[in-house]
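Reviewing the structure listed below.
Values quoted throughout were computed directly from the atomic coordinates according to the rules given, and no laboratory measurement underlies them. Just so it is clear, the model here is predicted, and its values are computed rather than measured. Quick reminder, even Gly has a Cβ in these numbers, built from the backbone with ideal geometry, and neighbours come from all protein chains shown.
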Amino acid sequence: MESSKFDEVVSKYRRILNSRSIEYFASSSWDLLEDEWREYLNLESLEDVIVFVNSSDNLVSADCASIPHSLRDLKANLKLFEYNRKCVENPSDLWRQWTGTTRDGLNASFRTISSANGLVRKRIKAKKQHEIDRIVELISQIQIFQKDSADPIDSLVDIGAGIGHLSRMISIHNNISVMAVEGNQQFTLAANSLDEKLLLDSAKIGSRIENFNVKSTPIRYTNFVTEDLALKIDDFAVNSAILVGLHCCGDFSSTILKVFQKSEKSKALVLFGCCYHKEFQCFHFLRPENNENEREISENTSFGKSTVFPLSKKWENVEIDYLLREAACHNNENLEERFLKQKIDLSRYARSYLEKWIWKVSELPEDRNIGMCSVKCIENQTTFEEYIRKAMANRGNHLLDKVLQIIPQSELSAHVSSLRSSQFDSFEVLRCMFAPAIESAIIDDRVELLRENGINSRVVPLFEPSISPRNLAIIAYK
Ligand SMILES: C[S@@+](CC[C@H](N)C(=O)[O-])C[C@H]1O[C@@H](n2cnc3c(N)ncnc32)[C@H](O)[C@@H]1O
């Protein structure tokens, strides 16, 4: 991926990327588009725009004569930067993609890790089950890959383990010592009680369930992870360890990359990022009640000082700021569901309309873009005034009174469903077109950081993206 070319393309359209849906009406985002793009979007159905945004290069050149050339060129350019998101088909395909070699004797399909009584999958959501089934297979493959080496894998560390489903399953299935580290104590407590429950349940029905050794559960502890975790890992592992980070938000992934480099016994890393806009999470852990503060700090980070991007020398002259990183978290595989299904979320139009009125009554930055209560809007029933009162319920009266005074009564009593705007939707869908390329640049920066430090890695689409959109795994080995 050419970083300067990426910068050139993204810089040209930064004004679109910087215009969030919440500000669509306040900053007249529609007017930011080129004339021919507006014309195309006005004529084309949203369904067709979504098909275009999700299309491959071939479809772009062959079937879409009505699409302006500048838009087609942009799409083709963005495609050049994107990692393939189509998920691996089976264990052999997975092996081929992360090792670059072929291997016989692997299962024909990904196993569904289960037990006769369904005990081990109890309380795990379908998305998490999908992720776990595939990660467990990948860990088995890494174990096979490393088996003949001087340092066979004996340990695994799940970093940012949440309530522990993944580490619990690996501990049962992969015959490996597992340590799970999590910064949020409530999650560690919940994970421990789920471990205990599983042990008790399995003891009741016999000490073994099928092939699973449920006598062992992970060692868990609560800690805000820093580079120093490397020392703990080197204490914990006998010979060598695999590090796993499943959906480690923002700069937490940067920390894990440093831990992997620093830990002598860490021989393999499986890392999935998410929420790329989040950084300085230490503030969140120190003052969990103050999320607004965290956002402000992240948004105001000046160029060059971000702890999420850039990390490598290759990308050091490229800026991917808070808003672009936030845009990278969009999920293009589910655009139809978000924009075309019968019961779409109407509150997004109301929130954006409300922002327009807030900008009229206040120029204070602390009044703009603020978090509000979520409101369920019912078609032809919820009025704009009802929406405003519910959304601003926790915001005191100073702003509420001002907006209610300035908005004409006819607008206040209008149904929220009448605020629905196809231009708003088209603009959002177009913005989503950039997401895979920006995410790929962020991931490429991480891969480059490893490469610049002598570590090989590959990027593998392990999950089905419509089930788990942050599906790209960095698989690294030393
Ligand atoms: C998106 S969740 C993923 C949880 C789990 N891996 C999963 O996939 O279900 C990220 C987790 O990382 C934890 N976390 C974030 N930054 C951390 C840090 N610096 N140290 C320890 N935990 C952290 C959060 O508390 C959260 O539980």
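Can you give the local net charge around Ala180? Use residues other than it whose beta-carbon is closer than 15 angstrom to its beta-carbon, Lys and Arg +1, Asp and Glu -1.
0
Could you tell me which residue out of His415, Ile22, Ala150 lies farthest along the dipole of the chain toward its positive end? Charges go on the beta carbon: Lys and Arg +1, Asp and Glu -1, centred on the Cα centre.
Looking along the dipole axis, the top candidate is Ala150.
Order of Tyr221, Tyr276 from fewest to most other C-beta atoms within 10 Å?
Fewest-to-most ranking of Tyr221, Tyr276: Tyr221, Tyr276.
Helix-only mean residue ellipticity at 222 nm, the chain, DSSP H runs n ≥ 4 weighted -39,500 (n - 2.57), per residue, nearest 500. What is it?
The per-residue figure over the chain is -14000 deg cm²/dmol.
Starting from the 7 Å offset along Cα-to-Cβ, what nm value, one decimal, do you get for the label separation of Glu196 and Glu2?
6.0 nm
List the residues, sorted by chain then number, that are 5 or more residues from Ser421 or on another chain and whose placed amide H is less than 5 Å from its amide H.
Hits under the 5 Å cutoff: none.
Which order, highest average first, do 158-168, 190-200 follow once you tally other Cβ atoms within 10 Å for each residue and take the mean per peptide?
The peptides rank, most packed first, as 158-168, 190-200.
Rounded to the nearest 0.05, what FRET efficiency do Leu80 and Arg420 have when you use their Cβ-Cβ distance and R0 = 41 Å?
Calculated transfer efficiency: 0.70.
For a quick protection proxy, order the peptides 48-56, 394-402, 367-375 by their average other-Cβ count within 10 Å, most packed first.
In descending order of packing, they fall as 48-56, 367-375, 394-402.
Taking the alpha-carbon distance from Lys314 and a cut-off under 25 Å, which lysines remain once sequence neighbours fewer than 8 residues away in the same chain are dropped?
Cα-Cα hits under 25 Å: Lys5, Lys12, Lys75, Lys79, Lys258, Lys262, Lys267, Lys278, Lys305, Lys478.
Run the numbers on the chain and let me know its relative contact order in percent, using alpha-carbon pairs under 8 Å that are six or more apart.
Relative CO of the chain lands at 21 percent.
Calculate, in nm to one decimal, what Tyr221 and Asn456 gain on full extension: separation in residues at 0.36 nm each, minus their alpha carbon distance.
So the extension gain works out to 81.6 nm.
Just want the answer: with Cβ charges of +1 for Lys and Arg and -1 for Asp and Glu, which residue in Trp359, Asn317, Thr307 is farthest toward the dipole's positive end in region 301-455?
Trp359
Please go through region 7-95 and write out the GluC sites (Glu not before Pro) that DSSP classes as loop and that have at most 13 other C-beta atoms within 10 Å.
Answer in residue order: Glu34, Glu89.
With the contact rule set at Cα under 8 Å and sequence spacing of 6 or more, what percent relative contact order holds for region 358-478?
Across region 358-478, relative contact order equals 18 percent.
Would you mind pulling out the separation of the Cα centroids of region 150-192 and region 241-282, in Å?
Centre-to-centre (Cα) distance: 14 Å.
Among 346-355, 92-101, how do they line up by average Cβ neighbours within 10 Å per residue, starting with the highest?
Output ranking for 346-355, 92-101: 346-355, 92-101.
Which FRET efficiency, nearest 0.05, do Arg368 and Glu264 yield, Cβ-Cβ r, R0 60 Å?
With R0 = 60 Å, the Cβ-Cβ based efficiency is 0.80.
Which of Gln97, Leu189, Ser254 sits farthest toward the positive end of the charge dipole of the chain, with +1 on the Cβ of Lys and Arg and -1 on the Cβ of Asp and Glu?
Farthest towards the positive end: Leu189.
Calculate log10 I(q)/I(0) of region 349-478 for q = 0.10, 0.11, 0.12, 0.14 Å⁻¹, where I(q) comes from the Debye formula with a single equal point scatterer on each Cα and nothing for solvent.
-0.55, -0.62, -0.68, -0.78
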